[in-house]
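This report concerns only the one structure given below.
Each value in this text was obtained by applying a stated rule to the coordinates, not by laboratory testing. Predicted model only: the values in this text are computed from it and were never measured. Quick reminder, even Gly has a Cβ in these numbers, built from the backbone with ideal geometry, and neighbours come from all protein chains shown.
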Amino acid sequence: MDLRPIGVFDSGLGGITVLKEIINLVPNENIIYFGDTARFPYGPRELSQVKNFALKIARFLVSKNVKMIVIACNTSTAAALSDIKQEIKVPVIGVIEPGARAAVNATESKRVGVIATKGTVESMAYDNAIKKIDKSIDVFSNPAPLLVDYVEKGIFEGRSLEKTICEYLNPLFTKSIDVLLLGCTHFPLIENNIKNCCSAQVKVISSAVETAKDVEKTLKDKDILNNSDNESDRKFYTTADENTFFKSGKIFLGEKIKDVSHIDIDM
Ligand code: DGL
């Protein structure tokens, strides 16, 4: 039994889509969530800069005595997973490998489409992770930065969102994909709108559920599950305004967020 919290982070609120699945699978776990909202978005930044941000956040989480770190952000996973793993002593889980695995399991035509941030697409992290599992799969990616902004602003519907989604997806449909991988943790919040633009042949999948399964398995394998009956403690940090985080976070998580603190960017 290990009561220490799990640390989860993202550039903003998107990682809460992963957190939600973790809570579904291991509801007893205490959580510290860090949203670097002041420096959002990470997607257009240089990966070296994102790596520095992510390393700093990981060190902050370690200072809070976490027993595991979940990088609930594709861009940060692409930029910093191996460096964080190298430096940090607790288990570290990213979202790209689980997402790649889910896509490989789902595709029949062996043609997978990915929408993600510019940083994630340019890193080729999904191409590499998918091909590592099955070389014969073709991966077609398109950066979809505006969708990240819609979601972070809390815009989940409307003509302009739908039009933007279809503009990003149409080039992938010309490649006859049968799986569309949501390579950004913000996107599950507009999954229905994305599905509306896809034909019935295209399966839309995200890495959130698969990542949560990895979290559960690692907790079990390392014998660090929290089996306590106490109500779990969920603490949130944001580098921007607490009130905005509080309001949007509630929508993202689907339940009230009780404990949000502002933290200085320089921690
Ligand atoms: N949610 C993040 C991801 O999965 C990044 C969004 C952003 O900051 O651009 O890549």
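Couple of notes before you dig in:
- Two-decimal log10 I(q)/I(0) for the chain, as the Debye equation yields it once each C-alpha is a single scatterer, q = 0.12, 0.13, 0.16 Å⁻¹: -0.67, -0.79, -1.20
- J(HN,Hα) series, the range 142-152, from Karplus relation 6.51 cos²θ - 1.76 cosθ + 1.60, nearest Hz, glycine and proline x: 9, x, 10, x, 5, 5, 4, 5, 3, 5, 4
- Here the range 147-267 is treated with +1 on each Lys and Arg Cβ and -1 on each Asp and Glu Cβ, and its dipole about the Cα centre works out to around 460 debye.
- Ratio Rg/Rh, restricted to the range 130-245 and using Cα atoms, in which Rh is the Kirkwood radius: 1.05
- Cβ-defined net charge surrounding Glu97, 9 Å radius [Lys, Arg +1; Asp, Glu -1]: 0
- Sequence-distant residues sharing a close amide H with Asn30 (under 5 Å, placed H): Ile6, Asp233
- Once both labels are positioned 7 Å from their Cα atoms along Cα-to-Cβ, the gap between Leu25 and Ser109 label points is 2.9 nm.
- Relative pair counts by distance (%), Cα atoms of the range 21-110, 10 Å bins: 15, 44, 31, 9, 1
- Taking Cβ atoms as reference points and 12 Å as the exclusive limit, the residues near His186 contribute a net charge of -3, counting Lys and Arg as +1 and Asp and Glu as -1.
- Entries of Lys153/Lys258; Lys56/Lys85; Lys153/Lys235; Lys85/Lys203; Lys56/Lys195 with Cα pairs more than 25 Å apart: Lys85/Lys203; Lys56/Lys195
- Spatially proximal aspartates and glutamates relative to Lys131 (Cα-Cα < 13 Å; intrachain offsets below 8 disregarded): Glu97
- The range 104-155 gives an Rg/Rh value of 1.07, both radii derived from C-alpha positions and Rh following Kirkwood.
- Ranking of Tyr150, Tyr33 by count of other Cβ atoms within 10 Å, fewest first: Tyr150, Tyr33
- Estimated 222 nm signal from helices in the chain, with DSSP H stretches of n ≥ 4 weighted -39500 (n - 2.57), rounded to 500: -14000 deg cm²/dmol
- Nearest-0.05 FRET efficiency for Asp134 and Ile265, computed from C-beta distance (R0 41 Å): 0.50
- Cross-link partners for Lys132 among the lysines, with Cα-Cα distance under 17 Å and sequence neighbours closer than 8 places in the same chain left out: Lys110.
- Taking one quarter of the surface of the C-alpha convex hull of the range 70-194 gives a mean projected area of 7.8 nm².
- Ranked list, fewest to most other Cβ atoms within 10 Å of each Cβ, for His262, His186: His262, His186
- The residue among Pro91, Ile224, Pro27 whose Cα reaches farthest toward the positive pole of the charge dipole of the chain, with charges on the beta-carbon of Lys, Arg, Asp and Glu, is Pro91.
- Nearest-20 debye value, the chain charge dipole, Cβ charges on Lys, Arg, Asp, Glu: 300
- Cα gyration tensor, the range 224-267 - rounded (a/c under 1.5), prolate or oblate: oblate
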